[in-house]
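Just so it is clear, none of the values below were taken in a lab; they were calculated from the coordinates. Bear in mind that the values here come from a model prediction, so they are computed numbers and not experimental data. Please note: Cβ atoms are built from the backbone with ideal geometry, for glycine as well, and neighbour counts cover all protein chains shown.
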Amino acid sequence: MEPPEFAPGLSARVELLVTDADTAQSLGSGDVPVLGTPRVLALAEAATVAATARQIPGGITTVGTRAEVEHRAPTPLGRRVVAQATLTKVDGRKLLFEVTVHDGELLVAEVRLERMVLDRQRFIARAFGD
């Protein structure tokens, strides 16, 4: 496996319109009808995947290996949040990202994510015991 060359500064953004399915109540992470922390993390991961997607050759993938989430502000139903991921460090096959999630000007969350560059088929085979 020849991993692609990623450079710090690589970035992408993804958006989410908050619906009932995204709430802490629906996700089982609380009992309030606001954007749930598990959905914030999933949105942040989607932004990191989008940041690397254009440079990933066939047969290579990245997987999340570590996350730290600071969920700072509630977001009600019907609001649009934007996750902006930026690659901050490359350490061999390890990619470190900083992600911010905003509701307009309001900082909703800061997420630090680590992803590992892997051979896709080997990873799947390992997961299924092949």
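For the reader, a short list of remarks on this structure follows.
- Residues in the range 9-58 that are closer than 25 Å to PHE123 by Cα, surrounded by fewer than 16 Cβ atoms within 10 Å (Cβ to Cβ) and of a type outside the set (Gly, Ala, Ser): 3 in all.
- Residues of the range 97-127 that are among the small types (Gly, Ala, Ser) and under 16 Å from the mean Cα position of the chain (by Cα): ALA109 alone.
- Counted residues, the range 50-64 - those being part of a strand (DSSP E or B) and of a type outside the set (A, V, I, L, M, F, W, C): 3
- Qualifying residues in the range 65-87 (those that are small (Gly, Ala, Ser) and in a strand (DSSP E or B)) - the one surrounded by the fewest Cβ atoms within 10 Å (Cβ to Cβ): ALA67
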